[in-house]
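Rule-based calculations on the coordinates, nothing more; no lab input. Not measured: the values here are computed from a predicted model. Using ideal geometry, Cβ is built from the backbone for each residue, glycine included, and neighbour counts are taken over all protein chains shown.
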Amino acid sequence: MARALHAVRLRTLGWFALVGFLGFLVDAGVLHLLVAAWNTNLFLARACSFTCAATTTWLINRVVVFSSTHRQPQRLLAEWAAYFVASLGGGCLNYGVFVIAVRVSPLLHHIPSIAVALGSLAGTTFNFLMYARYVFRTHARPVEPVGPDV
């Protein structure tokens, strides 16, 4: 039983990571399109690309990673808003860990990609926990994330 639960959790984390990577592709792609093709202000374009990425990952996480069969469709906007706020929280944590890491460690200041990885790990962990416990829950119980079998 414990081994099966462990396998389910690993599969869930794998799907979550894949969805996150797809979100990155949407984020970077929309940002590039808006800036390069339409000459949009970089910061406005970044806000738009983040919103597109968050919406994309919400939809995929809702269907694939966190089963949504028992949630009410009339609450979609509220669920999306909770997801977006949680994503912003994870983004702030990501950036905060990055800033602290490069300020505290001279090595990480010169090799900032390690600090980016630390921030990403912190933000992703925060997001996963927030999504599982608060965004994609039914009633008072957290949703048991599963993801499809491959």
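Data overview
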{"item": "Charge dipole magnitude, Cβ of K and R +1, D and E -1 - the chain, Cα centre, debye nearest 20", "result": "360"}
{"item": "Hz values of 3J(HN,Hα) by residue in segment 122-132 - Karplus curve (6.51, -1.76, 1.60), Gly and Pro given as x", "result": "5, x, 5, 4, 4, 4, 4, 5, 5, 5, 5"}
{"item": "³J(HN,Hα) computed for each position of segment 6-15 - Karplus, 6.51 cos²θ - 1.76 cosθ + 1.60, integer Hz, glycine/proline x", "result": "4, 5, 5, 5, 5, 5, 4, 5, x, 5"}
{"item": "Sequence-separation-based contact order of segment 73-123, relative, with Cα cut under 8 Å and 6+ spacing, percent", "result": "40"}
{"item": "Segment 72-141: Rg to Rh, with Rh as the Kirkwood radius over Cα pairs", "result": "1.17"}
{"item": "Approximate shape of segment 1-142 as ellipsoid semi-axes (Cα gyration tensor, √5λ), whole Å, largest first", "result": "28, 22, 13"}
{"item": "Approximate shape of segment 1-65 as ellipsoid semi-axes (Cα gyration tensor, √5λ), whole Å, largest first", "result": "33, 9, 7"}
